[in-house]
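Beneath this line is the structure, given in structure tokens, with notes to follow.
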Amino acid sequence: MKKSPLLRCLAIYGTMPGYFLLTCLLFILANAGMALHMWLVGRAMNDVQAGHFVSVLPGAALGDPLGLDYSRAWWWVGVLGGLAFLRGVIQYAAGMVSLYIGQELLYIIRERILVQVQNLDLAYHTRHGVGELVTRTTRDADKVRDALVNFWRNAFDTALIGIVSIALLSWYSPLLGLVPLICIATGVGLLLPQMDRLVLLDSAVGTAYDAVNQDLAEGVHGVRVIKAFGLEEARISSFGGQVSAFADEARAALVFASQRVPLPQLVIALSQVWVLVYGAHLVGMGRLSIGELLSALLVANSMVLRTEGVGQIMRVFADAR
């Protein structure tokens, strides 16, 4: 455990087990509701194709709008609208609970940092300036908090929607779910080796940010001495150099991330193409209905959009490490 400080930070969730379990349950319900919603959309499309969505009343003349029966259509509107409203309420509740947990985690982390700073000896404070300690308490604490919260809001949520989506696609046809699973696993596998490099780059960004904070703290606290000896220009030049160095390091990290992410995203996006092509083939063979194909495409689209965000999740975790 000593080599995994981020895992130790996850243990902070143990101080709020009720909110932890509630968030988990809400995300499970939200993703199960999403899969159910898309499956029902496919069933509604089947009713449209079969002519049951809107039917002609017995004895009504063709083309007479008053001779149409909309009861089935209104039933579907009520079911889909009600389910969408329920999902919205659940997602809102999950977001609010996650927000509360995030603020509570940030409070605990910053409080523990402050306690540790007070317990450190003077030699440590001599080696590490005020700017570095400010960075630990603000920027670094925020990054750890973001990683812990994103564990639920992104990583856990993405894993859930992936499981639910693959299960629904496989229920329609095993091969319809297997290929997207391979594409997603391959895409994520291409992203994982970039983690260590992202950690190194963010470490360089953090060091440059420490220097900016340290220079700023020295300039503010020593402003009287600076003015007394006319050192304003020198201090401005020094601070400008630190800011430029920070911008260069941040730019290098962004460039690396932008160059490595597109290929895995392309591989993941191929799963959506497969669902369309193979799903159309199954429709032609009579093994899949138009409504089921529509449902499969909706599920695949949601899965791809969420999974493509794995790169950003990994970047957040790299920053936190």
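The values are calculated or read from the model by the stated rules, or taken from the named source; none is laboratory data. Note that this is a predicted model, so its numbers are computed, not measured. So basically every Cβ, Gly included, is an ideal-geometry build from the backbone, and we count neighbours across all protein chains shown. Protein only, heavy atoms only, side chains kept; ligands, DNA and RNA dropped before computing areas. Shrake-Rupley method; radii C 1.70, N 1.55, O 1.52, S 1.80 Å.
At a glance:
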| quantity | calculated |
| --- | --- |
| Whichever residue in region 221-271 is more than 26 Å from LEU181 (Cβ to Cβ) and basic (Lys, Arg) and, among such residues, is least open to solvent (accessible area, probe 1.4 Å) | ARG235 |
| Extreme residue, surrounded by the most Cβ atoms within 10 Å (Cβ to Cβ), among residues of region 202-213 that are free of Cβ contacts under 8 Å to residues at least 60 places away in the same chain and within 24 Å of the chain's Cα centre (by Cα) | VAL205 |
| Residue match in region 90-98 (condition: within 19 Å of LEU29 (Cα to Cα), open to solvent by 80 Å² or more (accessible area, probe 1.4 Å) and touching a helix residue (DSSP H, G or I) at 6+ places or on another chain (Cβ under 7 Å)) | yes |
| Flag for LEU216 being in a helix (DSSP H, G or I), in contact with a Lys or Arg (Cβ under 7 Å, 6 or more places away or on another chain) and surrounded by 14 or more Cβ atoms within 10 Å (Cβ to Cβ) | no |
| Pairs, first of a type in the set (Val, Ile, Thr) in region 18-30, second outside any helix (DSSP H, G or I), C-beta under 7 Å, six or more apart | none |
| Test: residue in region 170-189 that is open to solvent by less than 20 Å² (accessible area, probe 1.4 Å), hydroxyl-bearing (Ser, Thr, Tyr) and more than 17 Å from ARG306 (Cβ to Cβ) | yes |
| Unique residue being in contact (Cβ under 8 Å) with a residue 24 or more places away in the chain, closer than 18 Å to GLY206 by Cβ and β-branched (Val, Ile, Thr) when the list is VAL97, VAL130 | VAL130 |
| Selection count, region 100-127, where residues are touching a residue at least 12 places away in the same chain (Cβ under 8 Å), under 14 Å from LEU148 (Cα atoms) and open to solvent by 90 Å² or more (accessible area, probe 1.4 Å) | 1 |
| From the options TYR100, TYR107, residue that is modelled with pLDDT of 80 or more, within 25 Å of THR135 (Cβ to Cβ) and hydroxyl-bearing (Ser, Thr, Tyr) | TYR107 |
| Pick from region 80-94, criterion under 16 Å from the mean Cα position of the chain (by Cα) and touching a residue at least 12 places away in the same chain (Cβ under 8 Å), ranking: farthest from ASP47 (Cα to Cα) | ALA94 |
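Yes or no, residue by residue, for (1) under 27 Å from PHE156 (Cα atoms); (2) touching a Phe, Trp or Tyr at 6+ places or on another chain (Cβ under 6 Å):
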{"residue": "PHE246", "(1), (2)": "no, yes"}
{"residue": "ARG251", "(1), (2)": "no, no"}
{"residue": "TYR278", "(1), (2)": "no, no"}
{"residue": "VAL283", "(1), (2)": "no, no"}
{"residue": "ILE290", "(1), (2)": "no, no"}
{"residue": "LEU298", "(1), (2)": "yes, no"}
{"residue": "LEU305", "(1), (2)": "yes, no"}
